[in-house]
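First the structure, in the form of structure tokens, and then the observations on it.
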Amino acid sequence: MIFFIAPFGIVVYYSLIDNPIQHNFVFLKNFIDLFHNSSFRMAAKNTATFSLMAVPLAVILALLLAMILEARIPLKSQFRTFFLSPLMVPIASIVLVWQVFFNYNGSVNEFLSLFGADKIDWLKSNYAQIVILLLYLWKTIGYNMILFMAALANIPKDLEEVAYLEGASPWFRFVHITMHFISPTVLFVTILSLINSFKVFREVYLLTREYPYENLYLLQHFMNNTFKSLDYQKLSAAAVLMAIVMVFIIAILFIIEDKVGKDVEG
Amino acid sequence: MRKIKFKKFTSVVLALCLSTALLAGCGGGKDKNDGGSGELSEFVYVPEFVTIDADIQDAQNIHMIGDRIYFTQYKQISGPKIDKATAYDNQTEDMMEKNQIFAADGSVINAEDVKNGTTLCSVKTDGSDYKETKNYKPVEIKDSTPEREVSSGNIDQYVIDEDGNFTVCEDVYVSIFDLPDGFDESQGNKYDYYVDDETHIFVRKLDKTGKEMSSVDLYETLKSENDGDSHIYISDMAIDKDGNVCVNAGDKGVFLFTKDGEYKDKISTDSWVDTIFADKDGNVLVSTSGEEGIALQKVDVEKAELTDKTSIPDNLYSLMAGSGEYEYLSNDGSSLFGFNSGDEQATEILNWLNADVDSNQIEDVKFLNDGRILALLNNNNEIMFDAGMNGGGVAMEDSSDEPALSLVYLTKTPRSEVKQKTTLKLACMNLGSSLRREIMNFNKKSETTRIEVEDYSKYSTQEDWDAGLTKLNTEIISGNIPDIISLSQMSCDQYVAKGILEDLYPYIDKDEELSREDFIPSLLKAQEIDGKLYQAASDCSISTMVASEDIVGKEMGWTMPEMLEILKKYPDVKYPFGYYMTRDTIMQFVFAMQLSDYVDWTTGECDFENDNFKGLLEFAKTFPKEYPDQEDGEYHDDSEMIMNGEQLFQITQISDAWQAQQCKSIYHDTYVYKGIPCSDKSGNIAMFNSPIAISTSCKDKDAAWQLVREVLTKDYQQKNSWSLATRQDILHKMVKDVLEEAKNEGISKMGVGNTEIEMKPLEQKDIDKYTDAIDSVTKSFQYDEEINNIVSEEAEAFFNGQKNLDDVASMIQSRVSLYVNEQK
């Protein structure tokens, strides 16, 4: 109550008044203004686009890697360490490395120029989201992979062996046994990846500051900037909207997980 | 069962602790000491002023030692007695030509016979027992010849030992001329043959009466120590407990002298020595500032080295010896800070203004044993001296009736024990001296209200210059809103959009003395937002571009394409905007001044992909990033370059009407205030100086208005003669005075660069041009740092040739649009 509901209640209150001085109740005006604000719409669109691209990729690629590493390949532990290493690198270093790579005069452009390609200002072009997507995946996949590896290790081996002996195809075993058993982990990894996709703002901000190229302008930019410009009402309305959307998405994920992996937990 | 109860109890306690932390963010505390808009300190300092009733006309180098105040005075030391008040009264033109003045007995004498010089004086803190060091004579160099002109000695600094003996630093300048054989000074100017000069710094030990005990000329020492350079500036001195004297010469290091006045050694430093002083224990300390910040070091006179280096906070610029509970004191111009070794931050002891003390007058501060603070005030900061060459001439007296020296005793008193008044908080980022004086007067006069100032600039650091402003804004959004805000460095529009500022028109309309008609309509209009006036400004300047009518035509106003078209006609003019014009400067003037051309704040639309803006970028690209090296070492004066046809336009500020006289003379009557190029051709932009506003949550708006209205009164505005007042009557009077003076004075001469030009008297048509420029103002300068930063950052890629014009314009359009739309 005190730690979550009360602060959230204050934010909801701020989203319903005109300003912190007069405190006049304006009901949904701040929300209506927000929907009319093209910066907010762009931020929401970019955030949604990025999350829609990033979250499935972070889940699928991590699961793929986990399955590969579970397949008793050589140098398994070295690979695991390799994929986990991004977690240990400080944000500032990651940002520096990405700047060195994707700067106008950076390594990527230098490399591409060997093939006669024109220079691209990666972080100020339509490729900007892809650059950030790469950064996100590089940073997220390792941790997701470990979670999946733990989940895969917990699948009862006898079930897989029975299915194998009864001639079930690999795809059938994957869908009906593996996915069935790891569905709670898939849900957890998806939620975690979704949260991490919102947190990528930190890296974007350090790379491009408050006002980046338009397809990198995220909801957190909007909220951060409105806080700086003292627009508490707009900020609160955006936060409330974002919370509603998040609750909605997570609720859907829970419903799906409930249907897919019901008997696993039960 | 007991376990469950314990767990419940623990969780309730933790919840309460955390909820307390949450509530801390809500602000509203009343008895904190660290400032904050809605907060008042628990204690106040009550001043008690004591006038030093001695005939002291000028006091410099003032020190308080024991119960005596020591100072130097620049005064008449020889020649017929002069009464300064009447020396120049009724002086005839013939007397002026012959440099003659009136003596005190009314007789006419040569001004050169009157010699002024520095004397060492002291007086008791109660004003009694005034003494002059009778045997003191300024140091002399006796080899004055026509080739070597020697100035008289002047005391820079001094210290006093416990026996009352002085060690003084005096400078003597020797100008050296290479005169041709048979040169006659009455026929020619010997300064045409000036070749060099020497600075002689004498360190002299004098007894109580001023009689010289020893003297050292540092000239040869300085030359040998500083690679032949004898020029140094002595900023201060200190004496240690053994009587050794340390002289601070800034970047040239610290010079050490024995107690007998003999030169001992020099300590070189890597960084600039800011101050030197003796601490409570008699050790001499220096504060140095360099790349690593400010450091404090002890002077080891025996070993001639600095030891015990400790870092101190960046905001402690002018350190003084501490007293009371503090090892060191620092006065930053608005507050007195105390600091002890090991502290991470200095403690603000008091805000001078809130104690009714003008910090500009403070010379010395001490803590007394009874806990009071004693400050020595010098009212002579504004005294002007017309010394003339070699000390000839008469010291001009300050017109002020206030005594030269006074003391103020400040007693720390609980706020509850002083007379209760409504206290209004005024928030600012650095406070101008005029407003500071007005607040002091207001506090002295008002029986019911008191203004307390919170200067947020003290929270800014070298790493974050905006930290103070961020703190103020954070306090505002958390509901701690000051009663009055000095809007200098702040965005009036932003505060208005948040509903923080009060419309001042109803107050003007209600005021018995003021009315809207008192103010210059265009300037009033330029300050309005949606027909309301949210700020009160006493004065402003108008940014414009001046050019010859023959080049740009007679009409005011032009667009960027029109300006570029004119530039094309003069391809041979290498510096059309002056020698020192760089890309950043031209962008600052032409872009930042005309932001409204590209941004519509109401609709949120931006237009940076048009030809006008692209033209501006292309135009800015033609300017150098930095101005060219001056191989000849000469200053390239704009006016001189215009007269020589090397420059076409001059970016300038319109302030007083006298400026028109300069334009008239430089452009030979054919000048026009063309303005900054912009699409609606209204390029004369007003920049208002330090406007103030009342907040909508002010606890006593009528009382706040009593202060705010002062900046709109005639009395207040006529004091600011250097800028353009917002009142019509002040403008009319200035114009009348200028015309009258022009009529009486006729043609005079003025140096412009290396050329002397005739200053033609102003005529009505010039005044009309001047007032037309003022009347043409429709907008005020609104600096938007964020947009400026985005444009500068992106434009750099175009200037460097990395990106083409369209890509850069498109990128600026995209990024600025985001910003502008956010603000809607």
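For the stretch B:776-822, which whole-number percentage of the solvent-accessible area (1.4 Å probe, protein heavy atoms only) is attributable to carbon and sulfur atoms?
Numbers: 650 of 1660 Å².
Answer for the stretch B:776-822 is 39 percent, counting heavy atoms of protein chains only.
Got a sec? Which residues of the stretch B:478-506 lose 20 Å² or more of accessible surface with every protein chain in place, vs. that chain alone, 1.4 Å probe?
At a threshold of 20 Å² (probe 1.4 Å), the residues of the stretch B:478-506 that become less exposed are B:Ile481, B:Gln494, B:Lys498, B:Gly499.
Please identify the chymotrypsin sites (Phe, Trp or Tyr not before Pro) of the stretch B:669-750 that satisfy two criteria: DSSP loop assignment and at most 13 other Cβ atoms within 10 Å. Which are they?
Details: sites: B:Tyr671, B:Tyr673, B:Phe688, B:Trp705, B:Tyr716, B:Trp722; in loops: B:Trp722.
Those satisfying the criteria are B:Trp722.
Using the Cα gyration tensor of the stretch B:499-583, with a ≥ b ≥ c the square roots of its eigenvalues, what is the shape: rounded (a/c below 1.5), prolate (a/b larger than b/c) or oblate (neither)?
On the way: a/c = 3.41, a/b = 2.90, b/c = 1.18.
Since a/c reaches 1.5 and a/b is larger than b/c, the shape of the stretch B:499-583 is classed as prolate.
Rounded to two decimal places and with Rh computed the Kirkwood way over Cα pairs, what is Rg over Rh for the stretch B:680-749?
On the way: Rg = 17.3 Å, Rh = 15.2 Å.
Checking Rg against Rh, the ratio lands at 1.14.
What is the sum of charges around B:Asp105, taking Lys and Arg as +1, Asp and Glu as -1, for the other residues whose C-beta is under 12 Å from the C-beta of B:Asp105? Working shown, then result.
Values: positive: B:Lys81; negative: B:Asp83.
Net local charge, B:Asp105 excluded: 0.
If you stretched the chain out fully between B:Glu555 and B:Asp53, how much longer would it get, using 0.36 nm times the residue separation minus the C-alpha to C-alpha distance? Each step should come with its number before you reach the end.
On the way: separation 502, 0.36 × 502 = 180.72 nm, distance 6.10 nm.
Extending this stretch completely gives an extra 174.6 nm.
Could you run the Debye sum over the Cα atoms of chain B, one equal point scatterer each and no solvent, and tell me log10 of I(q)/I(0) at q = 0.06, 0.07, 0.11 Å⁻¹, two decimals?
For the requested q values the scattering log ratios are -0.52, -0.72, -1.59.
Would you rank B:Asp629, B:Asp129 by solvent-accessible area, highest first, keeping every protein chain in place and using a 1.4 Å probe? Walk me through the numbers on the way to the answer.
Working: B:Asp629 130, B:Asp129 70 Å².
Largest accessible area first, the residues go B:Asp629, B:Asp129.
How big is the gap, in Å, between the Cα center of the stretch B:50-97 and the Cα center of the stretch B:706-783?
34 Å
Taking a probe of 1.4 Å, how large is the accessible area per residue of the stretch A:69-135, in Å²? Numbers along the way, then the final one.
Details: 4170 Å² over 67 residues.
With the other protein chains kept in place, the stretch A:69-135 gives 62 Å² per residue.
In the structure shown, do any of B:Lys223/B:Lys259; A:Lys119/A:Lys234; B:Lys714/B:Lys736; B:Lys749/B:Lys769; B:Lys532/B:Lys765; B:Lys445/B:Lys532 have a Cα-Cα gap over 27 Å, and if so which? Show your work: numbers first, answer last.
Details: B:Lys223/B:Lys259 24 Å; A:Lys119/A:Lys234 39 Å; B:Lys714/B:Lys736 16 Å; B:Lys749/B:Lys769 22 Å; B:Lys532/B:Lys765 34 Å; B:Lys445/B:Lys532 30 Å.
As for pairs spanning more than 27 Å Cα to Cα, those are A:Lys119/A:Lys234; B:Lys532/B:Lys765; B:Lys445/B:Lys532.
Cα-based Rg (one decimal) and Dmax (whole number) for the stretch B:38-132, in Å?
Reported Rg and Dmax, both Å: 20.1, 65.
Relative to 2.2 N^0.38 Å, what does the C-alpha radius of gyration of the stretch B:573-729 come to as a ratio? Two decimals please. List each step's numbers first, then the result.
Values: Rg = 20.3 Å, N = 157, 2.2 N^0.38 = 15.0 Å.
The reported ratio for this selection is 1.35.
For the stretch A:55-208, place one equal point scatterer on every Cα, skip the solvent, and apply the Debye formula. What is log10 of I(q)/I(0) at q = 0.09, 0.15 Å⁻¹?
So the normalised log intensities are -0.39, -0.86.
Determine the sum of side-chain charges near B:Ser341: Lys and Arg each +1, Asp and Glu each -1, restricted to other residues whose C-beta is under 15 angstrom from that of B:Ser341.
-4
In square angstrom and rounded to 100, what buried accessible area do you get between chains A and B, total over both, with the probe at 1.4 Å?
On the way: alone 15690 and 40890 Å², together 53830 Å².
So the total buried area for this chain pair works out to about 2700 Å².
From the square roots a ≥ b ≥ c of the eigenvalues of the alpha-carbon gyration tensor of the stretch B:490-531, which class results: rounded (a/c under 1.5), prolate (a/b over b/c), or oblate?
Details: a/c = 2.95, a/b = 1.58, b/c = 1.87.
It is oblate, given that a/c is not under 1.5 and a/b is not larger than b/c.
Give the percent of DSSP beta bridges with both residues in the protein assembly as shown that are antiparallel, rounded to the nearest 5. Mind showing how you got there, number by number?
Working: 139 of 150 bridges.
In the protein assembly as shown, DSSP labels about 95 percent of beta bridges as antiparallel.
Tell me the relative contact order for the stretch B:243-330 as a rounded percent, counting alpha carbon contacts under 8 Å between residues six or more apart.
Once normalised by length, the contact order is 19 percent.
Return the subset of B:Lys525/B:Lys701; B:Lys98/B:Lys137; B:Lys498/B:Lys779; B:Lys280/B:Lys412 for which the Cα-Cα distance in this structure is over 25 Å, preserving the input order.
Working: B:Lys525/B:Lys701 23 Å; B:Lys98/B:Lys137 29 Å; B:Lys498/B:Lys779 21 Å; B:Lys280/B:Lys412 22 Å.
The pairs that break the limit, which is 25 Å between Cα atoms, are B:Lys98/B:Lys137.
Would you tally the net charge around B:Trp601, using a Cβ to Cβ cut-off of less than 10 Å, leaving B:Trp601 out, and scoring K and R as +1, D and E as -1? Walk me through the numbers on the way to the answer.
Values: positive: B:Lys824; negative: B:Asp493, B:Asp600, B:Glu605, B:Asp784.
Neighbour charge sum, excluding B:Trp601 itself: -3.
State, to one decimal in nm², a quarter of the convex hull surface area for the C-alpha atoms of the stretch A:119-266, i.e. the direction-averaged projected area.
Quarter of the Cα hull surface area: 12.1 nm².
Would you list, by chain and number, the aspartates and glutamates whose Cα falls below 12 Å from the Cα of B:Lys554, excluding same-chain residues fewer than 8 positions away?
Cross-link targets: B:Asp669.
If you rank A:His36, A:His23 by how much accessible surface each has, with a 1.4 Å probe, what is the order from largest down? Mind showing how you got there, number by number?
Values: A:His36 125, A:His23 80 Å².
Sorted by accessible area, descending: A:His36, A:His23.
May I ask which of B:Lys621/B:Lys760; A:Lys199/A:Lys228; B:Lys131/B:Lys252; A:Lys199/B:Lys824 have a Cα-Cα span longer than 28 Å here?
Working: B:Lys621/B:Lys760 38 Å; A:Lys199/A:Lys228 19 Å; B:Lys131/B:Lys252 35 Å; A:Lys199/B:Lys824 26 Å.
In this structure, B:Lys621/B:Lys760; B:Lys131/B:Lys252 exceed 28 Å between Cα atoms.
Would you mind classifying chain A by shape? Square roots of the alpha carbon gyration tensor eigenvalues, ordered a ≥ b ≥ c; an a/c under 1.5 is rounded, otherwise it is prolate if a/b is larger than b/c and oblate if not.
Working: a/c = 2.65, a/b = 1.33, b/c = 2.00.
Oblate shape, in that a/c is at least 1.5 and b/c is the bigger or equal ratio.
Sorted by accessible area with a 1.4 angstrom probe, largest first, how do A:Ile91, B:Ile542, A:Ile68 fall? Intermediate values should be presented prior to the final figure.
On the way: A:Ile91 35, B:Ile542 0, A:Ile68 80 Å².
Largest to smallest exposure gives the sequence A:Ile68, A:Ile91, B:Ile542.
How many percent of DSSP beta bridges within chain B run antiparallel, rounded to 5? Each step should come with its number before you reach the end.
Numbers: 138 of 149 bridges.
DSSP beta bridges in chain B are roughly 95 percent antiparallel.
How large is ³J(HN,Hα) for each residue in the stretch B:521-526, as worked out from phi by the Karplus curve 6.51 cos²θ - 1.76 cosθ + 1.60 (θ = phi - 60°), to whole Hz, x for Gly and Pro?
With coefficients 6.51, -1.76 and 1.60, one gets x, 5, 6, 5, 4, 5 Hz.
Using Cα positions and a limit of under 14 Å, work out the aspartates and glutamates in reach of B:Lys625, with same-chain residues fewer than 8 apart set aside.
B:Asp584, B:Glu793, B:Glu796
Taking only DSSP H segments of four or more residues, each worth -39500 (n - 2.57), what value at 222 nm results for chain A once the sum is divided by all its residues, to the nearest 500 deg cm²/dmol?
Values: 14 runs with 191 residues, N = 266.
It lands at -23000 deg cm²/dmol.
Solvent-accessible area of A:Leu96, probe 1.4 Å, all protein chains present, reported in Å² to the nearest ten, please.
Spelled out: A:Leu96, probe radius 1.4 Å, area about 110 Å².
Any chance you could look up the accessible area of B:Trp272 with a 1.4 Å probe, heavy atoms only, rounded to 10 Å²?
120 Å²
Could you report the accessible area of B:Ser538 in Å², rounded to 10, computed with a 1.4 Å probe on the protein chains as they sit in the structure?
10 Å²
The values are calculated or read from the model by the stated rules, or taken from the named source; none is laboratory data. Since the model is a prediction, treat every value here as computed from it, not as a measurement. Glycine gets a Cβ as well: all are built from the backbone with ideal geometry, and neighbour counts include every protein chain shown. All accessible areas refer to the heavy atoms of the entire protein, side chains included, with ligands and DNA or RNA removed. Shrake-Rupley method; radii C 1.70, N 1.55, O 1.52, S 1.80 Å.
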